Every structure is written in C-alpha cells, then in structure tokens.
C-alpha cells in the first residue's frame, strides 16, 4: 500500500489554524490533487471562519499558496527548531 498524499492541520478553531503538510508524491503532482486538497482545507466549515490560517512552505511553493491569498510574512516572524538527539 502506498500513501500518495498527506495533509495536516492543527487548530484551536477560533484564532489560528496551522497547516503543516500538504504533500503530494511527485508522480501525482501536476494533476490538480494539491489544489483539491488545499481547497478542502481552507474551505472546510470549521476552518474557513478562523481568524488566521498560517503555513510554512518552500520558496518554490509561494506562488501556489498566493492563489488563496496567502502572503509572505516577514515582520516579527522567526522560524525556530529544536532537534532532540535520537533515543
């Protein structure tokens, strides 16, 4: 069995929804699947009324997300990471 796509959203259903993954395997890209998945997220009844919907993406995906009025936020944004040693 092969998983062809993944999407994850975490939200408090009021102030913020954070989209963590919209991943489509390369052999399925270019078929509109990403668009369908993303529209499903941003138009979901429990998400579309949330004040802020945010995501991180690679530079080559910025144009894709601009189609849904997502804009780069540079002021006061710091992407931070902590990597724990594997057990």
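Readers should treat all values here as calculations from the given coordinates under stated rules, not as data from a laboratory. This structure is a prediction, so every number in the text was calculated from the model and none was measured. Reconstructed Cβ throughout: ideal geometry from the backbone, glycine too, with neighbour counts over all protein chains shown.
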Largest-first ellipsoid semi-axes for the stretch 5-66, taking √(5λ) over the Cα gyration tensor eigenvalues, angstrom: 21, 12, 10
Normalised by the number of residues in the stretch 5-66, what is the relative contact order in percent for Cα pairs under 8 Å and 6+ residues apart? 36
Compute for the stretch 43-87: radius of gyration divided by Kirkwood radius, i.e. Rg/Rh, restricted to C-alpha atoms, rounded to two decimals. 1.08
Using 20 Å as the cut-off for backbone N distance, which residues of the stretch 47-87 belong to the label zone defined by a point 7 Å from the Cα of residue 12 along Cα→Cβ? 47-56, 76-80
Packing rank of 61-67, 18-24, where each peptide gets the mean count of other beta carbons within 10 Å, highest leading: 18-24, 61-67
For n ≥ 4 DSSP H runs only, could you compute -39500 (n - 2.57) per run for the chain, divide by its residues and tell me the 222 nm figure to the nearest 500? -4500 deg cm²/dmol
